[in-house]
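**Student:** Just dropping this structure here.
The values are calculated or read from the model by the stated rules, or taken from the named source; none is laboratory data. Computed from a predicted model, the values in this text were never measured in an experiment. Here the Cβ positions follow ideal geometry from the backbone for every residue, glycine too, while neighbour counts run over all protein chains shown. Please note that ligands, DNA and RNA were not included when accessible areas were found on the heavy atoms of the full protein model with its side chains. Shrake-Rupley method; radii C 1.70, N 1.55, O 1.52, S 1.80 Å.
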Amino acid sequence: MTKRRWIYAAGFLILLAVEVLIALFIDDSFIRPYFGDMLVVLVVYCFVRIFIPEKIRLMPLWVFIFAAAVELLQLFGLVERLGLEGNTFFRVLIGSVFDIKDILCYAVGCVLLGVHEFALARRGRKEKA
């Protein structure tokens, strides 16, 4: 179990670093808006799995619901309502502009997570047989 936690911690740190690099250095029309949004659900997934390394049924769905909820809060101006519009860190972390395409990118990322979970479960069944 401890080995899994370290793997997810490493995955979290690597993916978070990639996200930060994308945010700081890439200003294009595909990588930053689409790939970055797809990657964010992988970051959240790895973070959760550090603390809960055992399989949780429908984890990709829960990650998607969380990401979509944060996106919907952007629609209602959460950053402004909290008085954080002047804080760059929270504006980037929470986001300040709602876009339905972001939710679609989260869905793609969560489908990839579902495939990952399925592959892990299948490999585990083969190892037990």
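**Student:** Go through (1) within 19 Å of G11 (Cβ to Cβ); (2) in contact with a Ser or Thr (Cβ under 7 Å, 6 or more places away or on another chain) one by one and return the number of the condition M38 breaks.
**Tutor:** Going through (1) within 19 Å of G11 (Cβ to Cβ); (2) in contact with a Ser or Thr (Cβ under 7 Å, 6 or more places away or on another chain) one by one, M38 breaks only (2).
**Student:** Among (1) modelled with pLDDT of 90 or more; (2) farther than 23 Å from W6 by Cβ, which single condition is L112 missing?
**Tutor:** Every condition holds for L112 apart from (2).
**Student:** Could you list, in sequence order, all residues of segment 9-22 that are open to solvent by less than 40 Å² (accessible area, probe 1.4 Å) and either modelled with pLDDT under 95 or more than 21 Å from G95 (Cα to Cα) (or both)?
**Tutor:** If the condition is that a residue be open to solvent by less than 40 Å² (accessible area, probe 1.4 Å) and either modelled with pLDDT under 95 or more than 21 Å from G95 (Cα to Cα) (or both), then A9, G11, E19, I22 are the ones that fit.
**Student:** Wholly within segment 25-129, which helices (runs of 4 or more DSSP H) include no fewer than the required count, namely at least 3 residues that are touching a residue at least 40 places away in the same chain (Cβ under 8 Å) and open to solvent by less than 60 Å² (accessible area, probe 1.4 Å)?
**Tutor:** Answer list for segment 25-129: 36-51, 59-75, 100-128.
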